[in-house]
1. For segment A:47-66, name all the residues that are open to solvent by less than 10 Å² (accessible area, probe 1.4 Å), in contact (Cβ under 8 Å) with a residue 40 or more places away in the chain and in a helix (DSSP H, G or I).
2. State which residue is least open to solvent (accessible area, probe 1.4 Å) when the search covers only segment B:30-54 and only residues that are part of a loop (DSSP other than H, G, I, E, B) and either within 11 Å of chain A (Cβ to nearest Cβ) or without any contact (Cβ under 8 Å) to a residue 40 or more places away in the chain (or both).
3. Any idea which of A:D224, A:D280 is within 14 Å of chain B (Cβ to nearest Cβ) and surrounded by fewer than 16 Cβ atoms within 10 Å (Cβ to Cβ)?
4. Taking segment A:2-22 only, how many residues are away from every other protein chain (no Cβ under 14 Å) and either in a loop (DSSP other than H, G, I, E, B) or open to solvent by less than 10 Å² (accessible area, probe 1.4 Å) (or both)?
5. In segment A:304-316, is there at least one residue being open to solvent by 10 Å² or more (accessible area, probe 1.4 Å) and away from chain B (no Cβ under 14 Å)?
6. Any idea which of A:Y289, A:Y260 is aromatic (F, W, Y), without any contact (Cβ under 8 Å) to a residue 60 or more places away in the chain and over 27 Å from A:E191 (Cβ atoms)?
7. Conditions first: (1) farther than 24 Å from A:A23 by Cβ; (2) aliphatic (A, V, I, L, M); (3) free of Cβ contacts under 8 Å to residues at least 40 places away in the same chain. A:V172 passes all but one, so which condition is the exception?
8. A:P44 - would you say it is in a loop (DSSP other than H, G, I, E, B) and free of Cβ contacts under 8 Å to residues at least 60 places away in the same chain?
Amino acid sequence: MVDFAGWAMPVQYPTGIQHEHLAVRHDAGMFDVSHMGQLRVRGPDAIPFLSWATLNDPALLKDGRGQYTLLPNDRGGLIDDLYLYREAADDFLVVANAANVAPVRHHLEQLASEGVAAGAHGAPGSAGAFEVHVRDESDDWALIAVQGPTAAVRLGRVVEADLTAVRKNRFVDTRLSGMPVRLARTGYTGEDGFEAFVRPGDAPSVWQVLLEAGVVPCGLAARDTLRLEAGFPLFGHELTADTNPRCTPFAWVVKDKPAYGLDAILAGTCERRLVGIVLDGRPIPREGYHVLDPDGRRIGTVTSGTLSPLTRRSIALAWVDAAFAAEGTRLAVEVRGQPAPGTVTAPPFHTP
Amino acid sequence: MNIPATLRYTRSHEWATEPDADGLVTVGISDFAQDQLGDVVFVELPEVGRALAAGDAAAVVESVKTASDIYAPVAGEVVAVNDALVDAPEAINTEPYGAGWLFRLRVADAADWSALLDAARYQAVAEEG
């Protein structure tokens with residue numbers, strides 16, 4: 001067990017990282033991600049407010065649908081990455097990273113009270129504060145992610161809802177062995193699967209039911225290797241207060257509509273870009289290692305790296321000088337003083 | 001925890017066989033060490049012919065969790081390395097005292113080996129973590 005943002009969490013269960021990782025790629029695994037924070041944003045201005053506060057476009061959501069988004073600061077960087085779930089036009093559940101719940105809440109409350117000056121930043125509409133209320137519901141929810149190609153089948157056997165009707169990024173409120181559960185077809189592994197929001201007191205029973213349904217318990221280490229194979233960012237590593245999302249593979253999140261902090265993001269230039277790298281050999285490129293050009297000059301830094309348990313290739317996400325960011329560019333990662341050659345490769349790394 | 005009595009050990013969890021008549025010593029990492037590391041996925045071995053002092057970083061064993069330097073338990077010249085580990089590093093997990101050996105040294109002074117930890121003393125070290 002390790003301390004993770006104040007939560008005691010398992011790095012791995014006794015069967016080990018490799019077994020857990022492959023269970024998610026080939027069958028189904030589950031992660032206790034109750035450390036994730038939940039904020040309720042409720043009020044008549046919920047849609048215009050979240051549209052102003054975040055970089056994706058929550059106005060595109062209908063009831064019962066979720067959306068990945070980014071929360072920008074005013075310096076061209078980020079405060080967190082989030083998932084928004086729309087329960088109703090005036091009621092959203094926002095999932096934030098454990099360590100960021102307090103700053104995200106503070107920021108949202110501040111933005112709500114500031115409002116948008118009419119016409120500022122090209123924003124439409126009303127001056128004055130947004131009519132929304134932000135409430136921290138982190139203690140009201142436990143969260144268990146069930147991920148893998150058989151997740152829907154194994155989970156489907158123990159819940160009342162017909163999961164085939166729940167498409168990606170949608171959620172449904174149902175019951176599991178009589179316990180209320182919200183199932184969102186979302187995840188952080190690059191596989192099909194669900195995130196199950198349950199009452200904290202029910203979490204041990206839900207876990208037990210899932211164990212009996214043949215879902216393999218997985219720890220933090222497998223969660224990290226899976227998200228890295230899928231090319232997903234981890235806040236604090238790929239995404240930080242200084243990260244301009246337009247210089248990353250997650251630029252798609254930034255939508256063309258007025259948003260707080262968007263001017264700074266649009267004004268920023270990408271001297272470096274976040275790319276995927278696959279090495280020729282198998283030393284592990286770890287966070288902080290230097291990226292080298294073919295002449296040995298330092299042109300970047302690894303943000304996350306591992307040996308892919310699926311493909312047995314060494315993979316990394318890294319910032320590199322923009323001139324070396326094109327797919328197929330040859331470069332190297334400095335591992336213990338030696339260049340380990342590799343190629344810029346667009347994630348995901350686990351699909352052919 | 002498997003700690004064969006015929007071997008000697010270091011506080012950094014390497015094991016070494018008793019020098020044979022030619023002064024050859026085989027080196028690997030202990031069962032305790034492989035268990036702590038978890039699944040080993042990569043091994044970097046020393047060059048044959050390299051002269052090592054006791055305590056020199058000689059090899060690297062990487063698991064998903066971490067990269068660990070492996071130190072020469074005694075002074076000597078590298079005369080062989082276990083190339084099979086390049087393609088099958090998991091042998092370190094499955095057979096830490098057998099197929100998972102790392103490299104072989106020709107030692108200058110056999111007495112160096114006798115000064116390493118015996119199984120009982122190493123067990124005490126491992127139990128401390």
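1. A:F49, A:L50, A:A53, listed by residue number.
2. B:G38
3. It is A:D280.
4. The total comes to 2.
5. No: segment A:304-316 contains no residue that is open to solvent by 10 Å² or more (accessible area, probe 1.4 Å) and away from chain B (no Cβ under 14 Å).
6. Step by step, each of A:Y289, A:Y260 is checked, and only A:Y289 is aromatic (F, W, Y), without any contact (Cβ under 8 Å) to a residue 60 or more places away in the chain and over 27 Å from A:E191 (Cβ atoms).
7. Of (1) farther than 24 Å from A:A23 by Cβ; (2) aliphatic (A, V, I, L, M); (3) free of Cβ contacts under 8 Å to residues at least 40 places away in the same chain, only one is false for A:V172: (3).
8. When the stated conditions are applied, A:P44 does not pass them.
The values are calculated or read from the model by the stated rules, or taken from the named source; none is laboratory data. No experiment lies behind these values; they were computed from the predicted model shown. Virtual Cβ from ideal backbone geometry, glycine too; neighbours counted across all protein chains shown. Accessible surface areas use protein heavy atoms only, side chains included; no ligands, DNA or RNA. Shrake-Rupley method; radii C 1.70, N 1.55, O 1.52, S 1.80 Å.
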